[in-house]
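Below is one structure; the comments refer to it alone.
Computed from the coordinates by the stated procedures, all read-outs in this text should not be read as laboratory data. This one's a predicted model, so the numbers in the text were calculated from it and none came from an experiment. Every residue, glycine as well, gets a Cβ built from its backbone with ideal geometry; the counts of neighbours run over all protein chains shown.
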Amino acid sequence: MKKLTVFMADDHPFIIEAYNNTIKSYENEYDIVVFKASNCKEAYEILNNSETPNFNLAFLDVSMPPFEERNVLTGEDVARILKTKQPQCKIIMLTMLSDALRILNIIKNINPNGLIIKNDLTFDELKNAFEKILSGENYYSQTVVKYVSQSVSIENSPIDELDRQILYHISRGVKTKNIPMYTSMSLSTIEKRKLSLKQLFKVKEGSDEDLIREARERGFL
């Protein structure tokens, strides 16, 4: 029987249970081993443990409690670590977010094998994604497909990892002048990026609080 090693990272127990139920339906076909994490710290520790095996498949929630000490702030950061350490692993990302710009950024920055909006999630949806991805296809849920079809160009999606770091640190109360202490960016770079973010979110003349409020509403924090 073929072995299937699966990594699940999500801070909602009922979602982890949904993953488990999907996987269990294939127990006659695979010898299944599962590793679980409920936040970015646990995920980081699993992926950096020398005894962790290679994963065939990973289910990653986009929004999880961060691991600030290692700058692992979201499931996207976990995905980056996984893609670096285990590039053969197929990644399915799941999210409650429904902002088109946010979804397109996930596709651009991570390019997961699967991306599912949790509001689209059913048992059959998850099984379909599981089967297609293991067979070498990519899978987007219906809402993601709609956003992609309406997008002029995913490549032009403007927010990257550095922008997210700026937003995160501002949201934590760090003054702009002090953000270089927490990132590899210079103050001038941070100020230029912050101005671009304010223009993008249509709060050009607004305060940092306005910027963070809009970023939260769009799911970037």
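Within the stretch 158-217, the proportion of Cα pairs with more than 16 Å between them is 33 percent.
Projecting the Cα atoms of Leu82, Tyr139, Leu195 onto the dipole axis of the chain, where Lys and Arg carry +1 and Asp and Glu carry -1 at the beta carbon, places Leu195 farthest toward the positive end. Using 0.36 nm per residue and subtracting the Cα-Cα separation, the extra length available between Asn138 and Lys85 on full extension is 17.0 nm. Among Asp163, Asp61, a tally of other beta-carbon atoms within 10 Å of each Cβ gives an order, fewest to most, of Asp163, Asp61.
Between Glu217 and Met181, the modelled label-to-label distance comes to 3.2 nm, taking each label 7 Å out from Cα in the direction of the beta carbon. Considering only Met64, Met96, Met185, give the residue with the highest GNM mean-square fluctuation for the chain, with springs between Cα atoms whenever their separation is below 10 Å. Looking only at Met64, Met96, Met185, the biggest GNM fluctuation is shown by Met185. Under a model in which nothing but the beta-carbon of Lys, Arg (+1) and Asp, Glu (-1) is charged, the chain shows a dipole of about 600 debye around its Cα centre. Please check the chain for the longest run free of chymotrypsin sites (Phe, Trp or Tyr not before Pro) that are loop-located per DSSP (anything but H, G, I, E, B) and have at most 15 other Cβ atoms within 10 Å. Counting only loop sites that pass the neighbour cut-off, the longest clear stretch is 27-181. Checking [x] 42, 20, 12; [y] 33, 20, 14; [z] 44, 28, 13 against semi-axes √(5λ) of the Cα gyration tensor in Å calculated from these atoms, the matching label is [y]. One chain, two ends: Val145 and Leu195. Fully extended at 0.36 nm per residue, the span grows by 14.9 nm beyond their Cα-Cα distance.
One decimal place: the segment Arg172-Lys202 gains 8.7 nm when fully extended, by the rule 0.36 nm per residue minus the C-alpha distance. Here the chain carries DSSP beta bridges of which approximately 5% are antiparallel, counting only pairs with both residues inside.
What FRET efficiency would be calculated for the residue pair Ser188, Arg70, taking the C-beta separation as r and a Förster radius of 25 Å, to the nearest 0.05? Between Ser188 and Arg70 the formula returns 0.45.
All other residues whose Cβ lies under 15 angstrom from that of Glu29 are scored, Lys and Arg at +1 and Asp and Glu at -1, for a net of +1. Rounded to the nearest 0.05, the FRET efficiency derived from the C-beta distance between Glu17 and Asn128 at R0 = 25 Å is 0.85.
The calculated FRET efficiency for Asp120 paired with Asp31, based on their beta-carbon distance and R0 = 35 Å, is about 0.70. Estimated from helices alone, the mean residue ellipticity of the chain at 222 nm is -13500 deg cm²/dmol (sum of -39500 (n - 2.57) over DSSP H runs with n ≥ 4, per residue).
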